[in-house]
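Structure, as structure tokens:
The values are calculated or read from the model by the stated rules, or taken from the named source; none is laboratory data. Here the structure is a predicted model, which means the values were calculated and not measured. Neighbour counts run over all protein chains shown; Cβ positions are idealised from the backbone, glycine included. With ligands, DNA and RNA removed, areas are computed over all heavy atoms of the protein, side chains included. Shrake-Rupley method; radii C 1.70, N 1.55, O 1.52, S 1.80 Å.
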Amino acid sequence: MTDSNVIRGVKIPTRCLGLPRLSNGMPIPKFASWKNGVADLTTMNAEYARHAMQFKTCWICGQKLGRHCAFVGGPKSAHAGVYSDFPMHRECAEFAVQVCPYIVYGSNYRKNPTLNTDDMARMVDNDNPVIFCVSVASRYQYEPSAGVFVIQPDEQLWFLHGKPATPEQIADAKNKAQAEIEGKKT
């Protein structure tokens, strides 16, 4: 018998247990758009984005955020402290980086209409990075002109294909991100 509250060996956070689920049991995050009753996980729900911003709710589970929030992004986001995805609970972010097909397998394309300036866009990973960072921060601000969150991380956790990354993998990702960001400056 399998546990319906475990996906790919990872326990679903309690906050996510009330979310609707895909046929494979995966919780459907609050940010998902719906078309004809079917969840579209590649396109953010603009109405929920406004709600999340106004009421400071988690991008994944939809519940109220506390003082510390987590942001998920690739190496460029981690290096620059600039994230295009909305804040979430740490446990929701850690769950996402371990089970989300976009993050784990890199096989999905995600549409992100929030990046409004080239300057900020070069600091986030619009392509599908192999390694992801969960940055936990108590201080962050939203930059509406660019459509991004700027944070000062208190802690960073790195994952490669859904598993904790090694120190060597993290160092390599950080070096490449720094070189890419600095190489694109005008």
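Kindly establish whether residue 116 is at pLDDT 70 or above, more than 30 Å from residue 11 (Cα to Cα) and open to solvent by 80 Å² or more (accessible area, probe 1.4 Å). In short, no. For first residues located in region 31-56 and over 19 Å from residue 141 (Cα atoms) and of a type in the set (S, T, N, Q), partners that are modelled with pLDDT under 90 and not in a strand (DSSP E or B) and lie 6+ apart or on another chain with Cβ distances below 6 Å form the pairs 42/110.
Taking the condition modelled with pLDDT under 85 and closer than 29 Å to residue 7 by Cα, does residue 102 pass?
Details: modelled with pLDDT under 85: yes; closer than 29 Å to residue 7 by Cα: yes.
Against the criterion (modelled with pLDDT under 85 and closer than 29 Å to residue 7 by Cα), residue 102 qualifies.
Across region 130-139, the qualifying residues are those that are out of contact with any helix residue (DSSP H, G or I) (no Cβ under 6 Å at 6 or more places or on another chain) and modelled with pLDDT under 95, and the one among them that is surrounded by the fewest Cβ atoms within 10 Å (Cβ to Cβ) is 139.
Please find, within region 128-148, the residue that is farthest from residue 98 (Cα to Cα) out of those that are small (Gly, Ala, Ser) and within 14 Å of the chain's Cα centre (by Cα).
Of region 128-148, the ones small (Gly, Ala, Ser) are 135, 137-138, 145-147.
From what is left, the residues that are within 14 Å of the chain's Cα centre (by Cα) are 135, 137.
On the way: 135: 15, 137: 20 Å.
Filtering region 128-148 for residues that are small (Gly, Ala, Ser) and within 14 Å of the chain's Cα centre (by Cα), the one farthest from residue 98 (Cα to Cα) comes out as 137.
Exactly one residue among 146, 171, 177 is outside any strand (DSSP E or B) and touching a Pro at 6+ places or on another chain (Cβ under 6 Å), and that residue is 177. Considering only residues of region 149-186 that are under 28 Å from residue 8 (Cβ atoms) and polar (S, T, N, Q), which is nearest to the chain's Cα centre (by Cα)? Within region 149-186, the match that is nearest to the chain's Cα centre (by Cα) is 156.
Out of 30, 11, one residue alone is touching a Leu at 6+ places or on another chain (Cβ under 8 Å) and closer than 29 Å to residue 173 by Cβ. It is 30.
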